[in-house]
1. Condition first: out of contact with any Ser or Thr (no Cβ under 7 Å at 6 or more places or on another chain), surrounded by fewer than 21 Cβ atoms within 10 Å (Cβ to Cβ) and not in a strand (DSSP E or B). Can you find one or more residues in segment 5-14 that meet it?
2. Could you check how many residues of segment 141-155 are under 26 Å from I89 (Cα atoms) and either surrounded by 13 or more Cβ atoms within 10 Å (Cβ to Cβ) or of a type in the set (S, T, Y) (or both)?
3. Consider H208 against the criteria (1) exposed (fewer than 15 other Cβ atoms within 10 Å of the Cβ); (2) touching a His at 6+ places or on another chain (Cβ under 7 Å); (3) not aromatic (F, W, Y): it satisfies all of them except one. Which criterion is unmet?
4. List pairs: first residue in segment 146-166 and on the phi > 0 side of the Ramachandran plot, second residue at pLDDT 95 or above anywhere in the structure, Cβ distance under 9 angstrom, at least six positions apart or on different chains.
5. Only one of (1) modelled with pLDDT under 95; (2) over 16 Å from A70 (Cβ atoms); (3) crowded, with 18+ Cβ neighbours inside 10 Å fails for Y138. Which number is that?
6. So in segment 32-46, with the set limited to residues that are assigned to a loop (DSSP other than H, G, I, E, B) and not hydroxyl-bearing (S, T, Y), which one is nearest to K2 (Cα to Cα)?
7. Report every pair of residues separated by at least 6 positions or lying on different chains whose Cβ atoms are under 6 Å apart, first residue within segment 169-184 and at positive phi and of a type in the set (F, W, Y), second in a loop (DSSP other than H, G, I, E, B) and surrounded by fewer than 21 Cβ atoms within 10 Å (Cβ to Cβ).
Amino acid sequence: MKNIIVIPCYNEASRLPKDKFIAYSEENPDIKFLFVNDGSKDNTLFVLQELCKNRENFFYIDLEKNSGKAEAVRQGMCYSLDEMQADYIGFWDADLATPLEEIRHFLDLIVEHDFDIVTGLRLQRLGAGVKRNKLRHYLGRIFATAASTTLKLPVYDTQCGAKLYNKRVVTSLFSEPFTSRWLFDIELLARYITAYGYEKAKTKIYEHPIFKWEDVEGSQLKVKDFFKAPYELFVIKKRYLMK
């Protein structure tokens with residue numbers, strides 16, 4: 001099996017935890033990382049070039065123009081499938097709010113249960129180190145309820161930045177550019193419903209409660225972006241779910 005994790009990067013030169021990627025890769029040689037430089041204005045491209053130099057499990061592609069996380073992820077997913085012939089392809093936030101150690105749990109689940117998608121679930125609970133900014137948490141719960149209602153799917157957390165996909169669904173989900181810049185995670189679910197139906201969505205998509213997650217300062221997503229959600233949810237619903 002070839003397992004690839006896409007890491008979208010925009011102005012991450014001073015934030016990218018390079019040592020963590022290197023240490024994890026040395027202990028998990030079966031997992032490759034594809035870093036996508038999304039037209040960064042800082043020194044990110046040079047950092048990625050140095051990071052990938054002489055490391056057989058690290059790769060990068062450079063998007064000269066900044067197109068946003070959704071497009072960076074899409075390009076990375078398609079490249080991983082078409083050029084690297086990956087079997088399981090995921091994407092992970094560059095700040096590692098979700099630790100790399102969770103990747104193995106995702107892989108075990110998707111292989112053992114033959115899921116199409118395994119997505120992270122940031123559930124605050126006893127015994128888990130999930131720490132969320134209170135305002136973001138409550139806004140997130142309101143948003144998640146709206147997303148679940150729109151999709152007519154009992155999804156709890158659409159926006160966790162850790163996801164893994166079986167190669168068999170990547171083309172149908174990622175071949176076309178996204179309509180939504182901020183809610184592409186929800187658009188992916190809408191695309192899945194359109195392509196495979198609700199019953200498969202309920203049995204082939206699994207939300208995995210991650211053991212550790214923490215807000216990292218410097219996130220590109222701001223609180224004000226939550227207020228763009230109603231319109232983007234409507235656009236997604238109209239395009240995919242009202243046919």
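1. Step one: list which residues in segment 5-14 are out of contact with any Ser or Thr (no Cβ under 7 Å at 6 or more places or on another chain), which gives 5, 7-8, 14.
If we keep only those that are surrounded by fewer than 21 Cβ atoms within 10 Å (Cβ to Cβ) as well, we get 14.
Still in the running and not in a strand (DSSP E or B): 14.
There is at least one residue in segment 5-14 that is out of contact with any Ser or Thr (no Cβ under 7 Å at 6 or more places or on another chain), surrounded by fewer than 21 Cβ atoms within 10 Å (Cβ to Cβ) and not in a strand (DSSP E or B).
2. Total meeting the criteria: 6.
3. It fails just one condition, (1).
4. Every condition considered, the pairs that remain are K152/I193; K152/Y198.
5. Every condition holds for Y138 apart from (3).
6. Filtering segment 32-46 for residues assigned to a loop (DSSP other than H, G, I, E, B) gives 39-43.
Okay, now just the ones that are also not hydroxyl-bearing (S, T, Y), so 39, 41-43.
Values: G39: 27, K41: 32, D42: 32, N43: 30 Å.
Per the criteria, the residue is G39.
7. none
Each row is one residue, and each column tells you yes or no for (1) basic (K, R); (2) over 19 Å from N166 (Cα atoms); (3) touching a strand residue (DSSP E or B) at 6+ places or on another chain (Cβ under 8 Å).
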position: I31; (1), (2), (3): no, no, yes
position: F59; (1), (2), (3): no, yes, yes
position: S80; (1), (2), (3): no, no, yes
position: L96; (1), (2), (3): no, yes, no
position: I110; (1), (2), (3): no, no, yes
position: R122; (1), (2), (3): yes, yes, yes
position: K131; (1), (2), (3): yes, yes, yes
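The values are calculated or read from the model by the stated rules, or taken from the named source; none is laboratory data. What you are looking at is a predicted structure, and each value in this text was computed from that prediction instead of being measured. Backbone-built Cβ (ideal geometry, glycine too); neighbour counts: all protein chains shown.
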